[in-house]
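Inspection log for the structure reproduced underneath, given as structure tokens.
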Amino acid sequence: MRITRDLLLSTAKDTVKRKVFDSNDIVCAYLTGSIIREDPLLGGTTDIDLIYVHSLEEPHPREIIPITDDFHLDIAHFSQSFFSQPRKLRSNAWVGSFLCHYPIVLHDTNHWFDYVRSGAFAHFFQPINVIQRVKPFIESARQDWITLLNGQNNNARGFLHPYLTIIKNAANAIACLTSVPLTDRRLLIDFPQSAQAINMPGLAGGLVDLILPIDSIEPDWDIWMGSWNTAFSSFQQTDNRPISYSSCRRSYYEKAILGLKDENSQAAVWLLLWTWSLMASRLPRNNSSQKGYEDLLSQLMLGTDTFSERLTGLDQFLDAVEESIEVWQASAGI
């Protein structure tokens, strides 16, 4: 089946039409995320990020609905009360940013969307509001680095995902100076542009250095992905699985990694590590995928014997990010 942007839009419109017919509390429905792009596919897969705003309390915060193996609906539900003070959305990096970043409205009652977006969009890019969106990312990154430094996660299973989360938050601090936060699949695809936008292109290479060894290695993608798939299958049987790791998202991650491994291996390694590190941290130690995971970390010099060195490098990267933010603030007059 050939997936096109028109097909994705048609699917979204039909979904909203049925939802509005079945429910009388939908105030607004709009699209954000990859479907806004001219080419929303990565590795031949994508999702449709759909936002429902309810006049009553939302039934549940998020649901994922499979359509085919290669695309699905990722639906977020919000109560109308969440948007009651649109000005506060100017400091919200996730909802506020994507609300102001070319959303596609599929349903709106009484011009609700126009009212809320105009209130949020006014002064949205003023430096004081930009910094309010940036600060939570870099402050969280620094605090979490201190936690890792103090040895509260002293094994590979507990170390890597917090380590990568710090990197992701620091990258998003830079991204939000000029645009919207970065998504998991596209983080290392889009971050170089974010760094370039503030005239700090070296940050992109600095980020890559945090996840790859100094000396180049020969990736063994067949072995890595075999163990990754074992982990993903096992993860479906656990009670603590996040909804973002629903079974219908296997292809969403797997095909993105495979699609990137030849043209942008660094971005592929990032996504492999990001997804696998969370699964490994929650799977039993004796799960058959854990040996493959530990071998991967050893190859990438991300094992327990390099924690100290990796934390030093991460500290230096955070220093560079913090200094870049300070330079941006000075140039903006705040």
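The values are calculated or read from the model by the stated rules, or taken from the named source; none is laboratory data. Everything quoted here is computed from the prediction, not taken from an experiment. We place every Cβ from the backbone using ideal geometry, glycine too, and count neighbours over all the protein chains shown. Ligands, DNA and RNA are stripped out before the accessible areas are found, and what is left, the full protein with its side chains, is counted by its heavy atoms. Shrake-Rupley method; radii C 1.70, N 1.55, O 1.52, S 1.80 Å.
Quick notes on this structure:
- Flag for I223 being buried (at least 18 other Cβ atoms within 10 Å of the Cβ), closer than 15 Å to V269 by Cα and of a type outside the set (D, E): no
- When I67 is tested against (1) in contact with a Phe, Trp or Tyr (Cβ under 6 Å, 6 or more places away or on another chain); (2) within 30 Å of L272 (Cβ to Cβ), only condition (1) is not met.
- Residue within the range 90-104 that is under 24 Å from I243 (Cα atoms), in a helix (DSSP H, G or I) and among the small types (G, A, S) present: yes
- Residue within the range 16-31 that is touching a Pro at 6+ places or on another chain (Cβ under 8 Å) and hydroxyl-bearing (S, T, Y) present: yes
- The range 295-304: number of residues that are under 14 Å from D220 (Cβ atoms) and open to solvent by 10 Å² or more (accessible area, probe 1.4 Å): 3
- Look at the range 206-227: where a residue is on the phi < 0 side of the Ramachandran plot and a partner is part of a loop (DSSP other than H, G, I, E, B) and open to solvent by less than 60 Å² (accessible area, probe 1.4 Å), sitting 6+ places away or on another chain with Cβ atoms under 6 Å, you get P213/L300; W221/K261; S227/S289.
- Residue ranges of helices (runs of 4 or more DSSP H) in the range 137-235 with at least 3 members modelled with pLDDT under 95: 156-175
- Note on the range 250-309: among residues that are under 18 Å from the mean Cα position of the chain (by Cα) and basic (K, R), the one that is farthest from P213 (Cα to Cα) is R250.
- Only listed residue being among the basic types (K, R) and buried (at least 23 other Cβ atoms within 10 Å of the Cβ), chosen from R185, R142: R185
- Count of residues meeting criterion [open to solvent by 50 Å² or more (accessible area, probe 1.4 Å), modelled with pLDDT of 95 or more and closer than 30 Å to N264 by Cα] in the range 1-33: 2
- Qualifying position, being of a type outside the set (K, R), surrounded by fewer than 20 Cβ atoms within 10 Å (Cβ to Cβ) and modelled with pLDDT of 95 or more, among F83, F78, F71, F113: F78
- Of all residues in the range 34-64, those satisfying the criterion of being open to solvent by 60 Å² or more (accessible area, probe 1.4 Å) and under 22 Å from the mean Cα position of the chain (by Cα) are R37, E38, D39, H60, P61, R62.
- Residues (open to solvent by 10 Å² or more (accessible area, probe 1.4 Å) and within 21 Å of F307 (Cα to Cα)) located in the range 152-182: Q152, N153, N154, N155, A156, R157, G158, H161, P162, T165, K168, N169
- Residue within the range 123-130 that is surrounded by fewer than 17 Cβ atoms within 10 Å (Cβ to Cβ) and touching a strand residue (DSSP E or B) at 6+ places or on another chain (Cβ under 8 Å) present: no
- Of all residues making up the range 248-280, the number that are among the basic types (K, R) and buried (at least 23 other Cβ atoms within 10 Å of the Cβ): 0
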